[in-house]
Amino acid sequence: MAQERTFIAVKPDGVQRGLIGEIIKRFEVKGFKLVAMKMMQASEEHLTEHYIDLKGKGFFPELIKYMSSGPVVAMVWEGLGAVKTGRVMLGATNPADSNPGTIRGDFCIEVGRNIIHGSDSVESAKKEIALWFTDSELVSYKSCAADWL
Ligand code: UDP
Ligand code: MG
């Protein structure tokens, strides 16, 4: 495993349901380092670019409507194997299949309201981070916990 960065976003339902803090907490206590974060109302154009690989799917229009229905909290988390471990922390895409103890397994029920996004590969993480953040928004610092993790 290598030091990686992953793009994580609290979706509009996660924001409205008061789960921002809970989600940040899980990544924070796990030991990952927060390198960027902002709340924003994403446009349909921006979200279409973010989900471009899913454009042919039947649920795509509904997905864009859902994701643009309110603000999201976009974040970049860094650490050893952050992409793969981040996906494990999220749980399966469909909350009906997400294990208890995962974010989706603990806090949601429906695939169309699954509260959180996480990059599925290092390559898509790079693309997503570049789409959501400028270079200057990615903060460079050493965490005092780094040597203890
Ligand atoms: N989605 C949906 N219905 C489906 C599959 C996916 O509404 O049958 C939504 C869901 O919000 C999911 C997002 O589309 O998180 C992106 O799908 P993907 O397969 O990339 O899942 P993820 O990477 O988010 O686990
Ligand atoms: Mg995906």
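The values are calculated or read from the model by the stated rules, or taken from the named source; none is laboratory data. Source: prediction; values computed, not measured. With ideal geometry, Cβ positions are generated from the backbone for all residues, glycine too; neighbour counts draw on all protein chains shown. Accessible surface is based on the protein model in full, side chains and every heavy atom, while ligands, DNA and RNA are left aside. Shrake-Rupley method; radii C 1.70, N 1.55, O 1.52, S 1.80 Å.
What 222 nm value per residue comes from the helices of the chain, counting each DSSP H run with n ≥ 4 as -39,500 (n - 2.57) and dividing by all residues, nearest 500 deg cm²/dmol?
My calculation for the chain gives -10000 deg cm²/dmol from helical runs alone.
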May I ask for the angle, rounded to the nearest 10°, between helix 20-30 and the longest principal axis of the chain, with both axes built from Cα atoms and the value confined to 0 to 90°?
40 degrees
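What does the charge dipole of the chain about its Cα centre add up to, to the nearest 20 debye, if the Cβ of each Lys and Arg holds +1 and the Cβ of each Asp and Glu holds -1? List each step's numbers first, then the result.
On the way: 18 positive and 19 negative charges, 49 e Å.
Rounded to the nearest 20 debye, it is 240 debye.
Viscosity 1.002 mPa s, temperature 20 °C: give me the Stokes-Einstein translational D for the range 1-87 in µm²/s, with Rh taken as the Kirkwood radius over C-alpha pairs.
After rounding, the answer is 155 µm²/s.
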With every protein chain in place, what's the accessible area of Ile52 (1.4 Å probe, Å², nearest 10)?
80 Å²
Accessible area (Å², per residue) of the chain, counting only protein heavy atoms and a probe of 1.4 Å:
55 Å²
Probe radius 1.4 Å, ligands and nucleic acids ignored: give me the carbon and sulfur share of the accessible area of the chain as a rounded percent.
55 percent
Toward the positive end of the charge dipole of the range 1-54, about the Cα centre and with charges on Cβ (Lys, Arg +1; Asp, Glu -1), which of Ala42, Val10, Leu54 goes farthest?
Val10
Of the range 1-18, those with amide N under 19 Å from the point 7 Å along the Cα→Cβ vector of Ser140 are 3-6
So what's the range 25-68 giving for Rg/Rh, alpha carbon basis, Kirkwood Rh from the mean inverse pair distance?
1.14
Leu63: net charge of surrounding residues, Cβ under 12 Å, Lys/Arg +1, Asp/Glu -1, itself excluded?
+2
Sequence of Arg17, Arg26 when ordered by accessible area, the most exposed leading, probe 1.4 angstrom
Arg17, Arg26
Once the other residues with Cβ under 10 Å from the Cβ of Leu138 are scored (Lys, Arg +1; Asp, Glu -1), what is the net sum?
-2
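Top to bottom by accessible area (1.4 Å), largest first, where do Asp97, Asp106 land?
Values: Asp97 105, Asp106 70 Å².
Ranking Asp97, Asp106 by accessible area, largest first, yields Asp97, Asp106.
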